[in-house]
Amino acid sequence: MKPDALRGHLDALLLATLDGAALHGYAIIEALQQRSGGALDLPTGTVYPALRRLERGGLVASEWATVGGRQRRTYRLTSAGRKALAGERTAWREFTTAIDGVLGGGPWPTPA
């Protein structure tokens, strides 16, 4: 996948990954890889700054937890993050519907 394809979508991807579960940073990276069938292999240098930005924006909260015997910072959605994710999902559906209308290969309307 082209790196430019993620531009503007990273925050939504991170919020969606945290929907329903608190995860530490590396687990978020692994979940993105798994859910995307390996297409999304984001470096830690991309994910961690984005998580800190989302936390500053009040969309995620973090706390230290012991995971597998190690201290790790785990992230979870806030209520503002859940609301933002709902908006991102709506915008994504509208966007993909519009793009599919053009790139989907359907019949073109006949000019009047």
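Any read-out appearing in this document is the output of simple, stated calculations on the displayed coordinates, not a laboratory observation. The model shown is predicted, which means the values in this text are computed figures rather than measured ones. Glycine also receives a Cβ, built like all others from the backbone with ideal geometry; neighbour counts cover every protein chain displayed.
Can you give the extra length, in nm with one decimal, that the chain gains between SER79 and ARG56 once fully stretched, where that is 0.36 nm per residue apart less the Cα-Cα distance?
Working: separation 23, 0.36 × 23 = 8.28 nm, distance 1.42 nm.
In short, 6.9 nm is gained.
Which of the peptides 61-73, 45-57 is most tightly packed, and how do the rest follow, judged by the mean count of other Cβ atoms within 10 Å per residue?
Details: 61-73: 11.5, 45-57: 14.9.
For the peptides 61-73, 45-57, the packing ranking is 45-57, 61-73.
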Whole-Å distance, taken between Cα centres, linking the range 5-34 and the range 35-112: 6 Å
Can you divide the C-alpha Rg of the chain by 2.2 N^0.38 Å and report the result to two decimal places? 1.29
Quick one: what are the phi-derived ³J(HN,Hα) couplings along the range 14-20, Karplus 6.51/-1.76/1.60 with θ = phi - 60°, whole Hz, x for glycine and proline? 5, 4, 5, 5, 8, 5, x
Within the under-13-Å Cβ sphere about LEU59, not counting LEU59, Lys/Arg +1 and Asp/Glu -1 give a net charge of +2
